[in-house]
Amino acid sequence: MAATSVESEVTDTPPAKRGSSRTKARKRALDILFEADLRETSPTEALAAHLAENQPPVRDFTVELVEGVATNIDQLDELIVANLATGWTLSRMPRVDRNLARLAIFELLHTTTATDVVMAEAVSLCQELSTDESPAFLNGLLGAIATRQSALS
């Protein structure tokens with residue numbers, strides 16, 4: 001009988017949430033971008049510090065994302081601002097939302113990752129890390145930008 005109760009305890013426990021390697025790289029890139037924004041330093045400076053420390057090791061995809069956002073930040077911010085509701089500014093956005101939007105828009109515009117994957121990953125991170133209203137906001141923002149970009153292609 002004891003074995004049965006142990007078995008049921010093991011099977012009733014939900015599996016640990018595990019993301020793909022790229023999901024983890026996106027989360028780490030967001031952490032680095034958020035840190036740079038909070039400390040008012042450049043994303044490349046924050047990235048350099050993480051690369052030097054290398055605990056935990058920084059994935060190549062994380063480096064690609066952070067460097068890409070840093071290189072294209074003006075373009076990314078212009079797209080965000082162009083799609084904000086009246087009365088909203090980039091600085092009014094929650095810091096995590098702002099950096100998650102930058103990250104996702106960079107990935108939409110400058111990588112080969114499928115649009116639905118980028119949007120799902122961004123919204124998932126937003127659900128985990130931001131306010132209750134933020135996932136719907138970010139989904140709408142990214143959807144508008146993705147639609148506009150596909151119309152230009």
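Observations on the structure shown:
- Close pairs from the stretch 71-99: first at negative phi and surrounded by 15 or more Cβ atoms within 10 Å (Cβ to Cβ), partner of a type in the set (Gly, Ala, Ser) and in a loop (DSSP other than H, G, I, E, B), Cβ under 7 Å, at least 6 apart: Pro94/Ser130; Val96/Ser130; Asp97/Ser130
- Listing of helices (runs of 4 or more DSSP H) fully contained in the stretch 36-153 that carry 3 or more residues being charged (D, E, K, R) and over 23 Å from Lys24 (Cα atoms): 60-82
- Qualifying residues in the stretch 24-43 (those that are surrounded by fewer than 16 Cβ atoms within 10 Å (Cβ to Cβ) and not small (Gly, Ala, Ser)) - the one nearest to Ala114 (Cα to Cα): Lys24
- Residues satisfying the criterion are absent from the stretch 27-36 (criterion: farther than 18 Å from Arg95 by Cα and modelled with pLDDT of 95 or more).
- In this entry, Ala85 is excluded by the filter for residues that are among the aliphatic types (A, V, I, L, M) and under 16 Å from the mean Cα position of the chain (by Cα).
- Positions within the stretch 126-147 being surrounded by fewer than 22 Cβ atoms within 10 Å (Cβ to Cβ), farther than 15 Å from Ala82 by Cα and touching a residue at least 24 places away in the same chain (Cβ under 8 Å), in sequence order: Leu129, Ser130, Thr131, Ser134
The values are calculated or read from the model by the stated rules, or taken from the named source; none is laboratory data. Given the structure is predicted, the values throughout are model-derived calculations rather than measurements. All Cβ positions, glycine included, derive from the backbone under ideal geometry; neighbour counts span all protein chains shown.
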